[in-house]
Amino acid sequence: MDQQLREAARKHLIRYGQGDVDRLYVSSRGATVRDDEGREILDFTSGQMCATLGHSHPAIVRAIQAGAEDAIHLFSGMIPQAVARLAKKLSQWLPAPLTRSMFVNTGSESNEAALRMAKMVTGGYEVIALGGSWHGVTGQAAAASFASDRRGYGPKTPGVSVIPEPYSYRCPIRHCRDDCDMSCMKVGLDLFDMGCEGAPAAIIAEPILSAGGIIVPPEGYFKKLKAEAKKRGMMLIFDEAQTAFGRIGHKFAATQLGVTPDIMSVSKTLGGGLPLAATITSEKIEEKAHEKGFSYYTSHVSDPLPALAGLAVLETVENENLIARASEMGAYLRKGLESLQQKYEAIGEVRGQGLLIGIELVKDRESRAPHLELGDVTTKRCMELGLSMNIKRRPERGAVWRIAPPLTITRAELDRGVEILDSALRDGLDELAANGAG
Ligand SMILES: Cc1ncc(COP(=O)(O)O)c(C=O)c1O
């Protein structure tokens with residue numbers, strides 16, 4: 001451990017929303033991250049949800065080495081062979097008629113490009129997003145994000161409306177309990193129609209609202225949303241940052257739902273840990289956008305090296321059968337978590353799909369009052385015990401652990417994670433009881 005480096009991090013970094021710099025991190029392999037004291041930490045978040053193959057998977061390491069030898073970066077107007085190969089491979093994965101892609105760096109960017117394209121093609125500018133959504137930090141993506149972080153940055157892009165999300169555990173319109181009948185969508189769209197300025201462009205949605213608390217919309221929700229979008233001349237954009245390429249036990253949420261959006265945005269799970277994202281659409285929409293002069297010319301659009309990593313991700317998911325593995329390991333993990341739920345009243349709900357799982361922490365199951373303090377102390381305790389967990393914690397949305405380990409994680413690692421969660425919950429509840437805050 002190098003105390004001076006920790007001090008340097010404290011002194012010279014801008015704090016962008018991360019926790020305290022009480023330790024630094026040195027390396028990561030598979031589902032394990034190592035800190036500067038040599039401690040091994042089990043990673044239940046796949047880094048920032050990106051390392052679906054596990055950290056530094058050999059196929060990604062090889063792709064980076066090959067990419068560094070071939071071409072790291074080119075003039076943005078030159079299309080590298082690697083990008084053509086990735087676009088072709090991706091089109092074979094995608095549901096028809098989505099065949100055209102553009103490769104950028106981050107999820108914020110792929111959503112930015114998706115919204116830009118929808119606006120240009122429709123000629124409108126009004127966008128609908130769901131409560132609890134998270135689409136990124138750049139201009140239009142941030143304007144369409146409602147999970148957090150809206151305050152203090154000045155006016156957002158005009159024209160964005162929010163509709164209540166189908167959060168059946170905490171119905172935002174206080175109408176249902178556990179069984180969403182989609183009144184939330186109706187109410188939201190009625191309000192949108194009332195305020196519509198006559199220039200609708202797009203509805204953007206995560207198929208599972210992740211930052212919002214792993215909210216899985218009810219069956220039929222997206223079929224209805226697509227029909228409602230069409231009725232209003234709006235494009236449907238799926239933000240599949242977290243749901244694409246296997247995590248939920250399917251190629252895409254779109255394939256699972258049987259609903260193909262007009263534009264799809266993929267990011268985190270495409271690059272194997274490298275910044276790689278794509279905005280994807282049909283030939284018809286791409287033609288229209290091109291005719292109207294669509295541009296998204298950035299320094300790193302179509303970069304060759306990350307494209308090779310993307311190809312390696314798709315090939316590895318196929319070769320290692322990771323889509324089926326996500327379902328299998330997801331079911332196994334869920335069983336472990338549900339056994340914890342039997343033991344702890346504080347676990348209000350376990351939900352999700354495949355290896356994207358949410359655990360809602362409550363004071364009691366009847367009132368469902370969010371147990372924010374328990375979320376805090378147990379997440380901290382997990383880290384002390386060697387498990388990295390992500391808590392989504394907001395008074396209005398509850399305290400929800402988002403669990404998304406690499407798809408390559410082993411049963412033994414999942415068992416260890418569940419054991420640590422068990423200890424952390426027991427210790428956390430004891431600590432709060434001792435402080436009179438239980
Ligand atoms: C669903 C979703 N969309 C978009 C983003 C933004 O992606 P990025 O952080 O790569 O810009 C995120 C990031 O957490 C996300 O979860």
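The values are calculated or read from the model by the stated rules, or taken from the named source; none is laboratory data. Just so you know, these numbers come straight off a predicted model, no measurement behind them. Neighbour counts run over all protein chains shown; Cβ positions are idealised from the backbone, glycine included. Please note that ligands, DNA and RNA were not included when accessible areas were found on the heavy atoms of the full protein model with its side chains. Shrake-Rupley method; radii C 1.70, N 1.55, O 1.52, S 1.80 Å.
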Could you list all residues from the range 347-365 that are open to solvent by less than 40 Å² (accessible area, probe 1.4 Å) and closer than 14 Å to Tyr169 by Cα?
Ile347, Gly348, Val350, Arg351, Gly352, Gly358, Ile359, Glu360, Leu361, Val362
Return the residues of the range 306-329 that are out of contact with any Lys or Arg (no Cβ under 7 Å at 6 or more places or on another chain) and surrounded by fewer than 22 Cβ atoms within 10 Å (Cβ to Cβ); say none if nothing qualifies.
Glu315, Glu318, Asn319, Glu320, Asn321, Ala324, Arg325, Ser327, Glu328
If I go through the range 375-394 residue by residue, how many of them are part of a loop (DSSP other than H, G, I, E, B) and either more than 20 Å from Cys50 (Cβ to Cβ) or not assigned by TED's automatic domain parsing to the domain that holds Glu413 (or both)?
1
Report, ordered by the first and then the second residue, all pairs with beta carbons closer than 7 Å, sequence separation of six or more or different chains, a first member in the range 103-131 that is within 22 Å of Ser148 (Cα to Cα) and aliphatic (A, V, I, L, M), and a second member that is more than 9 Å from the ligand (Cβ to nearest atom) and assigned to a helix (DSSP H, G or I).
Leu115/Gln140; Val127/Leu115; Ile128/Phe192
Out of (1) at pLDDT 95 or above; (2) out of contact with any Leu (no Cβ under 9 Å at 6 or more places or on another chain), the odd one out for Gly19 is which?
(1)
Residue list for the range 385-407, restricted to those being among the aliphatic types (A, V, I, L, M) and under 20 Å from Ala369 (Cα atoms)
Ile391, Ala399, Val400
Of everything in the range 255-270 that's more than 14 Å from the ligand (Cβ to nearest atom) and part of a helix (DSSP H, G or I), which residue is farthest from Asn321 (Cα to Cα)?
Leu257
Among residues of the range 273-290 being under 23 Å from Leu355 (Cβ atoms) and open to solvent by 10 Å² or more (accessible area, probe 1.4 Å), the residue nearest to the ligand (Cβ to nearest atom) is Pro275
Considering residues that are outside any helix (DSSP H, G or I), within 14 Å of Ser161 (Cα to Cα) and either of a type in the set (Phe, Trp, Tyr) or near the ligand (Cβ under 9 Å from one of its atoms) (or both), the number found within the range 136-146 is 2
What's the number of the only condition in (1) open to solvent by 70 Å² or more (accessible area, probe 1.4 Å); (2) polar (S, T, N, Q); (3) assigned by TED's automatic domain parsing to the domain that holds Arg411 that Thr45 fails to meet?
(1)
Options Gly54, Gly38; residue that is under 18 Å from Ala244 (Cβ atoms), modelled with pLDDT of 95 or more and not polar (S, T, N, Q):
Gly54
Okay, strands (runs of 3 or more DSSP E) sitting entirely in the range 1-48 with 2 or more residues that are of a type in the set (Ser, Thr, Tyr), I get 25-29
Can you tell me which residue within the range 49-76, out of those that are open to solvent by less than 30 Å² (accessible area, probe 1.4 Å) and in a helix (DSSP H, G or I), is farthest from Leu305 (Cα to Cα)?
Met49
Out of Leu191, Leu115, I need the residue that is open to solvent by 30 Å² or more (accessible area, probe 1.4 Å) and part of a helix (DSSP H, G or I). Which one?
Leu191
Condition met for Thr243 (open to solvent by less than 10 Å² (accessible area, probe 1.4 Å) and within 19 Å of the chain's Cα centre (by Cα))
yes
Could you grab me the full set of residues in the range 226-248 that are within 17 Å of Leu130 (Cα to Cα) and within 16 Å of the ligand (Cβ to nearest atom)?
Leu236, Ile237, Phe238, Asp239, Glu240, Ala241, Gln242, Thr243
Within 22 Å of Tyr25 (Cα to Cα), open to solvent by less than 30 Å² (accessible area, probe 1.4 Å) and of a type in the set (Gly, Ala, Ser) - does that describe any residue in the range 366-378?
no
Examine the range 118-131 for a residue that is more than 24 Å from Leu191 (Cβ to Cβ) and outside any loop (DSSP other than H, G, I, E, B), and state whether such a residue exists.
yes
Where Gly159 falls short, out of the listed (1) under 13 Å from Ala129 (Cβ atoms); (2) within 22 Å of the chain's Cα centre (by Cα); (3) surrounded by fewer than 24 Cβ atoms within 10 Å (Cβ to Cβ); (4) small (Gly, Ala, Ser)
(2)
Picking from Ala229, Ala211, which residue would you name as being in a helix (DSSP H, G or I) and either aliphatic (A, V, I, L, M) or outside the structural domain of Lys119 (by TED's automatic domain parsing) (or both)?
Ala229
